[in-house]
Amino acid sequence: MAHFLKCTATRALSALAIAGLAAILAPAQAQESRAFLEGVRKHTTLTTTVPENGDQNPYAIVVAPVSIGKIRQDDVLIDNFNDLSNLQGLGTTIVDYNPTTKQTTLFAQVPRHLPACPGGVGLTTAMTMLKTGWVIVGSTPSNDGTTRTKGDGCLLVISPAGELVATWAGPEINSPWGNIAMVDNGSTASLFISMSGFDVPAPDVHDPATGLSVTIPKATVLRLDLTIADGKPPVIAKRTVVANGFGQRADKDVFLVGPTGLAIGTDGTLYVSDALENRIVAIPEATTRTTSAGTGKEITRDGLIARPLAMVMAPNGHLLVCNSKNGKVVEVDPVAAKQIAAQWIDTDQAQSPPGSGDLFGIALTPDGKGFYYVEDDMNTVVEAR
């Protein structure tokens, strides 16, 4: 997503607007199920995400489950998709914000060109940290900031010391894009990652019927079952495509659009935000299934949702979904299949609608009472509680 320069006055106006707008509830539905967002009232900017090399456009945000190596438990890890020139698909850095010291440091910087990673490195929202301390992050690389030069990309395994130790690629891996959902048992783990780059052309290849960049219905969700030996990096024991057939499309402004948000329920149901269809779907038995469920079962669409991106499950079992087309987070009850509430967390009026294109990564705070999110137009991390 493109980076926009904003004046201080605009940001001050936005802060006042956030305080004034608070939560916007879907009236008929708010009576039926208490919204997590009702308790979220304050938004505090914590840090810039720009490291010394100038990388920008923060995408993924992950809260550390353990203290190990450079990382302290509850630290906030954020990666960057763009480079110093603001070209998408060229970011190579992960920064670490410590909520106790309020210091931000460089955790890892990956070489831009890796022979084992087709096309090189451009770090995406596909990032997680295992209980054993290993960080896994996706790469959807480009040479010119567009899908015209996009490579297939890969997944990178980074040690707790911030060192690259392994690269995962192969025919099932193409543009790891969405935030990683995970079941982590310590010595084993299952990762769910959306792949949104199969046969995506340059952004100027248009569908004559719509005039938009052509949509390719080939995006997938891949489950990687891992084994993790003591002191050793994780290895892939099995690869299973649990969902496929989602739309994916090149975009000159946001690089590409495809399924982005992933969240796993306690019953093994995987929830996916299908951006191009503007809906949330469910993939049953995602942790154990051996075949694809296609595009799954639709839970909800349209309404408060406006091109859903990253997604996380709140303690009450509801989904919190970032919108791309405005600055709102939407709360969805997946069991009742209802949209419960929305809060306009980014009201930056430099975009229309306010906050459009600013939100991406989202993660719960360790106490479960709030959440962290990135404002990638300002290269900042914000805490909401």
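List of remarks:
- Between ALA166, ALA181, ALA219, the distinction of being surrounded by 14 or more Cβ atoms within 10 Å (Cβ to Cβ), farther than 25 Å from PRO115 by Cα and small (Gly, Ala, Ser) belongs to ALA181 only.
- Considering residues of segment 222-240 that are assigned to a strand (DSSP E or B) and of a type in the set (A, V, I, L, M) only, the residue surrounded by the most Cβ atoms within 10 Å (Cβ to Cβ): LEU226
- Selection within segment 198-240 - of a type in the set (D, E, K, R) and closer than 30 Å to GLY133 by Cα: ARG223, ASP225, ASP230, LYS232, LYS238, ARG239
- Qualifying positions in segment 287-326 - of a type in the set (Gly, Ala, Ser) and in contact with a Cys (Cβ under 9 Å, 6 or more places away or on another chain): ALA310
Each row is one residue, and each column tells you yes or no for (1) among the β-branched types (Val, Ile, Thr); (2) touching a Gly at 6+ places or on another chain (Cβ under 7 Å); (3) surrounded by fewer than 24 Cβ atoms within 10 Å (Cβ to Cβ).
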residue: GLU38; (1), (2), (3): no, no, yes
residue: LYS42; (1), (2), (3): no, no, yes
residue: PRO51; (1), (2), (3): no, no, yes
residue: ALA60; (1), (2), (3): no, yes, no
residue: VAL66; (1), (2), (3): yes, yes, yes
residue: GLN73; (1), (2), (3): no, no, yes
residue: GLY89; (1), (2), (3): no, yes, no
residue: ASP96; (1), (2), (3): no, no, yes
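- Residue within segment 75-84 that is of a type outside the set (Val, Ile, Thr), at pLDDT below 95 and either loosely packed, with under 15 Cβ neighbours inside 10 Å or under 17 Å from VAL374 (Cβ atoms) (or both) present: no
- The listed residues are ASP377, ASP367, ASP348, and the only one of them that is of a type outside the set (A, V, I, L, M), part of a loop (DSSP other than H, G, I, E, B), more than 17 Å from ALA263 (Cβ to Cβ) and touching a helix residue (DSSP H, G or I) at 6+ places or on another chain (Cβ under 7 Å) turns out to be ASP348.
- Residues of segment 35-71 that are among the charged types (D, E, K, R) and not in a loop (DSSP other than H, G, I, E, B): GLU38 alone.
- Among residues of segment 146-163 being out of contact with any Lys or Arg (no Cβ under 7 Å at 6 or more places or on another chain) and over 17 Å from CYS117 (Cα atoms), the one that is surrounded by the most Cβ atoms within 10 Å (Cβ to Cβ) is SER159.
- Note on segment 121-141: residues that are in a loop (DSSP other than H, G, I, E, B), surrounded by 24 or more Cβ atoms within 10 Å (Cβ to Cβ) and either small (Gly, Ala, Ser) or out of contact with any Gly (no Cβ under 9 Å at 6 or more places or on another chain) (or both) total 1.
- Checking VAL329, VAL272, VAL281 one by one, the residue that is of a type in the set (Val, Ile, Thr), touching a Cys at 6+ places or on another chain (Cβ under 7 Å), buried (at least 19 other Cβ atoms within 10 Å of the Cβ) and in a strand (DSSP E or B) is VAL329 and no other.
The values are calculated or read from the model by the stated rules, or taken from the named source; none is laboratory data. Given the structure is predicted, the values throughout are model-derived calculations rather than measurements. Because the Cβ atoms are built from the backbone with ideal geometry, glycine has one as well, and the counts that use them run over all protein chains shown.
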